[in-house]
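Novice: For reference, the structure I am asking about is given below.
The values are calculated or read from the model by the stated rules, or taken from the named source; none is laboratory data. Everything numeric here is computed off the predicted structure, so don't read it as measured data. Reconstructed Cβ throughout: ideal geometry from the backbone, glycine too, with neighbour counts over all protein chains shown. Heads up: the accessible areas ignore ligands, DNA and RNA and are worked out on the full protein's heavy atoms, side chains in. Shrake-Rupley method; radii C 1.70, N 1.55, O 1.52, S 1.80 Å.
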Amino acid sequence: MSFPSARAVGRGAAWYRGDCHVHSVHSDGEVTPEELAVRARAARLDFIATTEHNSAAAPGAWGHLAADDFLIVLGEEVTTKTGHWLALGISPGEVVDWNHQVRDGLVDKCLDQVHRVGGLCVAAHPHAPYRARCRTHQSDHPQLTARFIVRCAGDGGR
């Protein structure tokens, strides 16, 4: 089995359960990738997405945990000055630049980087009741959250 999988084997057309936002000890999480996989399988999840803060997945940390019945999506939580967003489905070793903020024109380049490899961009926690290590938060910038939703809908954000 090659990692990351280009396609999930799965059960065909069906609902799949998963977690698109997990952190391991390689970021600010408290458990190892192995323990995350064990817990995800125990919860009967079909997939998880590793989303370490501003970094690529640690080399060799996840591939051996994937299986035909358990997909691991590589990602990153892009932790910017004005909010957090998830880059899901990026290539191994790929890092999305996090040094941008709302209205500086750089976020579009980062979104395009993810979309070029077939990835998906999602606001990480747009309505969180706290300010997580940044001056402002995505809930302060509804146009940024809307931009992610529109881009994910496939219309190019226009």
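Novice: Taking region 61-100, which residues are in contact with a strand residue (DSSP E or B) (Cβ under 6 Å, 6 or more places away or on another chain) and polar (S, T, N, Q)?
Specialist: Listed by number, the list holds a single entry, 79.
Novice: Looking at residue 39 and the list (1) at pLDDT below 70; (2) within 22 Å of residue 15 (Cβ to Cβ), which single condition is not satisfied?
Specialist: (1)
Novice: Considering region 39-81 alone, what residues qualify as being open to solvent by 40 Å² or more (accessible area, probe 1.4 Å) and among the aliphatic types (A, V, I, L, M)?
Specialist: 42, 43, 71
Novice: Further, regarding this structure: Restricting attention to region 75-93, and to residues there that are in contact with a Gly (Cβ under 9 Å, 6 or more places away or on another chain) and either charged (D, E, K, R) or assigned to a loop (DSSP other than H, G, I, E, B) (or both), which single residue is nearest to residue 20 (Cα to Cα)?
Specialist: For region 75-93, the residue satisfying everything is 89.
Novice: Check whether at least one residue in region 38-54 is in a helix (DSSP H, G or I) and in contact (Cβ under 8 Å) with a residue 12 or more places away in the chain, and report yes or no.
Specialist: Yes, that holds for at least one residue.
Novice: In a loop (DSSP other than H, G, I, E, B), open to solvent by less than 10 Å² (accessible area, probe 1.4 Å) and either in contact with a Gly (Cβ under 6 Å, 6 or more places away or on another chain) or at pLDDT 90 or above (or both): does that describe residue 96?
Specialist: yes
Novice: Quick check: is even one residue across region 10-29 surrounded by 13 or more Cβ atoms within 10 Å (Cβ to Cβ), assigned to a helix (DSSP H, G or I) and free of Cβ contacts under 8 Å to residues at least 40 places away in the same chain?
Specialist: No, region 10-29 has no match at all.
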